[in-house]
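Here's the structure we're looking at; comments come further down.
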Amino acid sequence: MRILSGIQPSGTLHLGNYFGMMRPSIELQDQGEAYYFIANYHSMTSLTDPEQRRRNSLDVALDFLACGLDPKKSVFWKQSDVPEVTELTWLLSTVTPMGLLEKCTSYKDKKSRLANDDLERVNHGLFAYPVLMAADILIFDSNIVPVGKDQKQHVEVTRDIAIKFNHLYGQTFVIPEPRIKEEVAVVPGTDGQKMSKSYGNSIDLFGDEKVIRKKIMGIVMDSRPPEEPKPDAEKNLAVRLLKLVAPAELAGELEQRLRAGGLGYGDLKKGLFEQYWNYLAPARKRRAELAANLDYVHQVLRDGAATARAVATRVLERAKTASGLN
Ligand code: TRP
């Protein structure tokens, strides 16, 4: 079974990314052949700063390796190091009805967000994004594609494209299945909404100590005094975050003390900060070691690209033969 997913290099990752996407994909590396890549071609549809793309791509690589992606188990590479996907994108484009792309909600959302101020940024790449994603998936004969709910439609488009191509040119592509992580609780941000970089409510995975402490201590709570019992303790934002990063016993104990009355919000938040900091300490240490040994990181990505490219070349050849290009 081949498992494939792409990660956009869109900047520093936060706890929401970690619990929603990183940890589940890293766990999957023990259940099949895991293929993970840094989607730097995709990032070109919205990010136009070369240095930032370079830096973000390296950051994502460091983050994943630090958090447990094991290059002995997973194939890990940078999308643009397997340029065959762009060739397959063309082949797939010619069997993709415009209407299929026009109904993609992710495109419609991005378009309407940009429409008022900056229509120029509604580029063709943004529209064709799902076709490139289909090529990513199909060129590796992927069986399972673990993605967030927001990407489910793109995997469905991929299936439609593959079925269409197979129908026109004969059996060529494996039809992939999306694997949506439903059970992942939405990680709340510091304002109680879903944690998201664009809401400014996120807690970075490898953030600066002072900045994160300030962010956590700044979480707004209600005005009930410390001694007042809080029967709704399980709904408290700091308690919910604690349950993610603290040992279950300790999170349970602080929740109990909050419920009973006597634990102030300041102390609760201090506890949350400490647990957050400890939880990520081993990964933070590994990340620092990797950052001091970038040659190794680049070598991992190069090796991953070589392995991925061998598969991609074979599948592309299959598609070229089927369609009469070869
Ligand atoms: N579009 C995905 C996202 O933004 C990233 C991605 C690109 C991807 N290609 C992919 C995910 C192929 C899964 C499979 O999250």
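The values are calculated or read from the model by the stated rules, or taken from the named source; none is laboratory data. Only a predicted model underlies this, so the values are computations on that prediction, with no experimental measurement involved. Note that each Cβ is placed from the backbone with ideal geometry, even for glycine, and that neighbours are counted across all protein chains shown. Heads up: the accessible areas ignore ligands, DNA and RNA and are worked out on the full protein's heavy atoms, side chains in. Shrake-Rupley method; radii C 1.70, N 1.55, O 1.52, S 1.80 Å.
Looking across the range 220-253 at every residue that is basic (Lys, Arg) and more than 21 Å from Leu205 (Cα to Cα), the one that is nearest to the chain's Cα centre (by Cα) is identified as Lys235.
Taking first residues from the range 85-104 that are on the phi > 0 side of the Ramachandran plot and partners that are open to solvent by 40 Å² or more (accessible area, probe 1.4 Å) and of a type in the set (Ser, Thr, Tyr), no Cβ contact under 7 Å between residues at least 6 apart in sequence or on separate chains turns up. Tallying residues that are more than 15 Å from the ligand (Cβ to nearest atom), within 25 Å of Asn201 (Cα to Cα) and modelled with pLDDT of 95 or more within the range 26-53 yields 2.
Taking the range 161-178 only, how many residues are in contact with a helix residue (DSSP H, G or I) (Cβ under 6 Å, 6 or more places away or on another chain), at pLDDT 95 or above and open to solvent by 20 Å² or more (accessible area, probe 1.4 Å)? Selection size over the range 161-178: 3. The residue that is modelled with the highest pLDDT, among those in the range 192-201 that are closer than 15 Å to Met21 by Cα and in a loop (DSSP other than H, G, I, E, B), is Met195. Taken over the range 132-191, the residue count meeting the criterion of being within 16 Å of the ligand (Cβ to nearest atom), assigned to a loop (DSSP other than H, G, I, E, B) and more than 30 Å from Ile219 (Cα to Cα) is 9.
Of Leu65, Leu4, Leu13, all but one fail to be surrounded by 21 or more Cβ atoms within 10 Å (Cβ to Cβ), more than 10 Å from the ligand (Cβ to nearest atom) and modelled with pLDDT of 95 or more; the exception is Leu65.
Hey, among the residues in the range 81-99 that are open to solvent by less than 60 Å² (accessible area, probe 1.4 Å) and more than 16 Å from the ligand (Cβ to nearest atom), which one's farthest from His154 (Cα to Cα)? Per the stated criteria, the residue is Leu91. In the set Val131, Val122, Val147, only one residue is over 17 Å from Ile7 (Cα atoms), open to solvent by less than 50 Å² (accessible area, probe 1.4 Å) and in contact (Cβ under 8 Å) with a residue 12 or more places away in the chain; that residue is Val122. The single condition among (1) more than 15 Å from the ligand (Cβ to nearest atom); (2) free of Cβ contacts under 8 Å to residues at least 12 places away in the same chain that Arg23 does not meet is (2).
Going through (1) under 25 Å from Asp59 (Cα atoms); (2) touching a residue at least 40 places away in the same chain (Cβ under 8 Å); (3) surrounded by 13 or more Cβ atoms within 10 Å (Cβ to Cβ) one by one, His154 falls short only on (1). Here Leu268, Leu294 are screened, and the one residue that is open to solvent by 40 Å² or more (accessible area, probe 1.4 Å) and of a type outside the set (Lys, Arg) is Leu294. Of all residues in the range 179-203, those that are open to solvent by less than 80 Å² (accessible area, probe 1.4 Å) and within 19 Å of Ser106 (Cα to Cα) total 4.
Only residues that are assigned to a helix (DSSP H, G or I) and away from the ligand (no atom under 16 Å from the Cβ) were counted across the range 112-131, and they come to 7.
When restricted to residues that are without any contact (Cβ under 8 Å) to a residue 24 or more places away in the chain and within 30 Å of Lys243 (Cα to Cα), the range 279-326 contains 5.
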